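Bear in mind these aren't lab numbers, they're just calculated from the coordinates by the rules spelled out. If you're wondering where the values come from, they're calculated on a predicted model, not measured in any experiment. In this analysis, Cβ positions are derived from the backbone assuming ideal geometry, glycine residues included, and neighbour counts consider all displayed protein chains.
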Amino acid sequence: MITSTELRRAEAFSELPDDQIDWFLSHVQEVSLRAGEAFVRQGDPADWMFIFLEGLFQWRGEFGGETVSLPAQAGDVSGVFPFSRMKRFTVTGRALTDGRLARFPAALFPQLMQRMPELITRLVAMMSDRIREGTRIEQQRDRLISLGKLSAGLAHELNNPASASKRAGGQMRNALAKMRSANSELWRRPLDDSDRARIEEVEAALLQTEVAPSQGLTLSDLEETLDSILQSYGHTDSWELSAALARRNMPPDTLTSLLTHLDLSTARAALARIAASAELATLLSTIESGTERISNLVRTIKEYTNVDQGPVQNVDVARSLETTLGTLAYILQPKIEVQRAYEPVPLLVNAPGTELNQVWTNIIENAVEAMQGKGELRVRTFCEDHYVVVEIGDSGPGIPPEIKPYIFDPFFTTKGVGEGTGLGLNTVQTIVRKLGGNLHVSSKPGDTRFQVRLPWVDLTEPCKQFDN
């Protein structure tokens, strides 16, 4: 038998009039449970509100591919509430210890609203708190998922130049050994000043050239030509030497001139030194390119997370977009073609840079998923009255008209279980509205566009349109 004292231990029922408590007790059912026993299962009709009286309880279910457990104890009120749109329970409720609970039928909610209005007010407040907490947890989970994706992509992007630099460093040891051996052999030769000058001139020309290295058939043809010249001057087994010289685009006439003025042994030692120098130069270029790529990635991440910047600042939207595109390069390459159409001068908005990056990230990730990793991503900035407009479009199949009205609703998703929480676009809309802007979407097959309008920093006059 449930007493009024037991019921009033629940904060929602404290200090309610006796007649209301008596009415409520006359319509509840008392349920006794043993440890491990379920009082409701996932998928059951949402027909009951529960008041926990004795013992410890737990709600447990799957959310976003993860198992989530929420504790409950004596004094808590849970289950379905008045005004809730829940049709079926999405979790299983189970007793952790022996215990008791009271359950009130949802079918009597209309009478409950008439007989106990103060309780209804408290329950609505509890439901709002529950929704806010659930949303906060899901948003936090979304951020962690995004961070995980970003970390994985960054690790991949950093690994390529780091591995190339490491390989080049190892190959430099061999090249230095070749150079030492060639120098030792060369300086034992009787060289006059003109021969030394000629060798140094050829070497310097190969090292200073800014011409892009030959590739494919062009490189193969140059190797064959250089090898034929070497063999014609008596240099056998010269394929490795000709390959090294071809990678630095050595002109055949330069090789012929050098071989004409030097004897066989001296020419071979000189060419071995030149080839080793050329190889070192190529490897140094590889290391410089790799470290520059790593440095650029670190700078991009710092800009993306707004390290060393204030929380709110004037942000150039084009630069913000480029930072995000650079960060998301791992999902854009190689089959997403990015087309840019930026205003030629900076368009500034006053906003936290991290929040803007989150807006662009969510929209771009949705676009890439819609195109299934292959298509055209169009990014555009322009002015419209007192607003800066950022338009992000894609060539995907478009948003079906029947779901378009719901895409900004919290928890709405078309993805399978465990693939999304449905908070991405809701978060975008929340951020944009907080910044005083608005969001518009238009969609048809091959052309979906999200337009983000944000207040221009100078609200005293319209944002100026510039001719490209």
(request) Order the peptides 268-278, 366-376, 186-196 from the highest to the lowest mean number of other Cβ atoms within 10 Å of their residues. (result) 268-278, 366-376, 186-196
(message) Below 13 angstrom from the Cβ of Ser84, what's the summed charge of the other residues (Lys, Arg +1; Asp, Glu -1)?
(response) +3
(message) Once each part is reduced to its C-alpha centroid, what is the distance from segment 353-385 to segment 239-260 in angstrom?
(response) 49
(request) Using the charge dipole of segment 354-410 (Lys, Arg: +1 at Cβ; Asp, Glu: -1 at Cβ; taken about the Cα centre), state which of Ile403, Val368, Thr381 has its Cα farthest towards the positive end. (result) Val368
(message) Sort 334-344, 38-48 by packing, meaning the average of other beta carbons within 10 Å per residue, with the highest value first.
(response) 38-48, 334-344
(request) First check a/c for segment 222-267, with a ≥ b ≥ c the square roots of the eigenvalues of its C-alpha gyration tensor; if it is under 1.5, answer rounded, and if not, answer prolate when a/b is larger than b/c or oblate otherwise. (result) oblate
(request) Quick one: what are the phi-derived ³J(HN,Hα) couplings along segment 82-88, Karplus 6.51/-1.76/1.60 with θ = phi - 60°, whole Hz, x for glycine and proline? (result) x, 6, 6, 9, 5, 9, 9
(message) Quick check for me: using +1 on Lys/Arg Cβ and -1 on Asp/Glu Cβ, what's the dipole size of segment 1-109 about its Cα centre, in debye to the nearest 20?
(response) 440
(message) Quick one: 3J(HN,Hα) in Hz for segment 442-447, Karplus 6.51/-1.76/1.60 with θ = phi - 60°, rounded, Gly and Pro as x.
(response) 10, 8, 8, x, x, 7
(request) Assuming a ≥ b ≥ c are the square roots of the Cα gyration tensor eigenvalues, decide whether segment 163-286 counts as rounded (a/c under 1.5), prolate (otherwise, with a/b larger than b/c) or oblate. (result) oblate
(message) Just want the answer: with Cβ charges of +1 for Lys and Arg and -1 for Asp and Glu, which residue in Thr92, Ala72, Pro45 is farthest toward the dipole's positive end in segment 32-93?
(response) Pro45
(request) Name the long-range amide H neighbours of Thr448: under 5 Å, sequence gap of 5 or more, or other chain; modelled H, no Pro or chain starts. (result) Asp394, Gly396
(request) Within 10 Å, count the other beta carbons around each residue, average over each peptide in 1-11, 101-111, and list them highest first. (result) 101-111, 1-11
